[in-house]
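What follows is a short report on a single structure.
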Amino acid sequence: QVQLVESGGGLVQAGGSLRLSCEASGSGRSINAAGWYRQTPGNQRELVAEIIIGRRINYADSVKGRFTISRDNAKNTVYLQMNSLKAEDTAIYYCYAKQIGVIVTSWGQGTQVTVSS
C-alpha cells in the first residue's frame, strides 16, 4: 500500500476557499485512481471527486462547478481546490488511492474542513 498524508483543512467562512493536498509515498506500484471522500457524523463516507488516471474525472453533483481536483505527478500529490464553500461542505475529508495490482485501497488520516455560515 501507499502512504497518504493530507493537509490544508481548516476553518473558513461561507463563500471562502481552501485547497487540500494529499501526498503519496511508499510503494512503487503505479496509482491508477486517486481522489477525495468526505464524511460527517452518523453518515457514510461519500465521494467528492476522483481522477481515474487516463480515463476521466468524477465529481459529486453537490460540488460540480465549485471544486476542482488536480494532480502533480512530480510531487506525487493530488489537490482539491474548494471554492464557494458552503456550510454543508463541513466534513472530514479523506484522500484515497488505488494502485495497479493492489486490492486494498489506501486512505489518508483525514483532514477537518469546517465552513461557518
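Using only C-alpha positions, report the orientation-averaged shadow area of the convex hull of segment 1-56, nm², one decimal.
Details: hull surface 22.0 nm².
It is 5.5 nm².
Setting aside same-chain residues fewer than 8 positions from LYS75, which aspartates and glutamates have a Cα under 18 Å from its Cα?
Output for LYS75: GLU6, GLU23, GLU50.
Could you state the per residue volume, in Å³, of the convex hull enclosing the Cα atoms of the chain? Write out the running numbers ahead of the final one.
Working: hull volume 11.5 nm³, N = 117.
Spread over its residues, the Cα hull of the chain gives 99 Å³ apiece.
On average, how much accessible surface per residue is there in the chain, in Å², for a 1.4 Å probe, leaving out ligands, DNA and RNA?
Working: 6380 Å² over 117 residues.
Computed with neighbouring chains in place, this is 55 Å² per residue.
Below 12 angstrom from the Cβ of ILE92, what's the summed charge of the other residues (Lys, Arg +1; Asp, Glu -1)?
Details: positive: ARG38, ARG45; negative: GLU6, GLU46, ASP89.
Its environment carries a net charge of -1.
Could you give the length gained by full extension between GLN1 and ARG45, i.e. 0.36 nm per residue of separation minus their alpha carbon distance, to one decimal place?
Working: separation 44, 0.36 × 44 = 15.84 nm, distance 2.04 nm.
Taking GLN1 through ARG45 to full extension adds about 13.8 nm, to one decimal.
Could you compute the net charge surrounding GLN39? Neighbours are other residues with a C-beta less than 9 Å from the C-beta of GLN39; K and R count +1, D and E count -1. The partial results should precede the final answer.
Details: positive: ARG38, ARG45; negative: GLU46.
Net local charge, GLN39 excluded: +1.
Just going by the charge dipole of the chain, with Lys and Arg at +1 and Asp and Glu at -1 on Cβ, which of ALA91, GLY108, ILE52 is farthest out on the positive end?
ILE52
Before anything else, pin down the relative contact order of the chain: Cα pairs under 8 Å, at least 6 apart, normalised by residue count, whole percent.
Values: 287 pairs, mean separation 44.1, N = 117.
Relative CO of the chain lands at 38 percent.
What are the ³J(HN,Hα) values, in whole Hz, obtained from phi via the Karplus relation 6.51 cos²θ - 1.76 cosθ + 1.60 with θ = phi - 60°, for each residue of segment 76-87 in sequence order, with x given for Gly and Pro?
Per-residue couplings from phi come out as 6, 10, 10, 10, 10, 8, 10, 10, 6, 5, 10, 4 Hz.
Considering only protein heavy atoms and a 1.4 Å probe, what is the carbon-and-sulfur percentage of the accessible area of segment 1-102?
Working: 2460 of 5510 Å².
Summing carbon and sulfur atoms, their accessible area is 45 percent of the total for segment 1-102.
The values are calculated or read from the model by the stated rules, or taken from the named source; none is laboratory data. The structure presented is a predicted model; accordingly, all values stated were derived computationally and were not measured. Cβ sites come from the backbone with ideal geometry, for glycine too, and all protein chains shown count toward neighbours. In case anyone asks, the SASA skips ligands and DNA or RNA and just uses the protein heavy atoms, side chains included. Shrake-Rupley method; radii C 1.70, N 1.55, O 1.52, S 1.80 Å.
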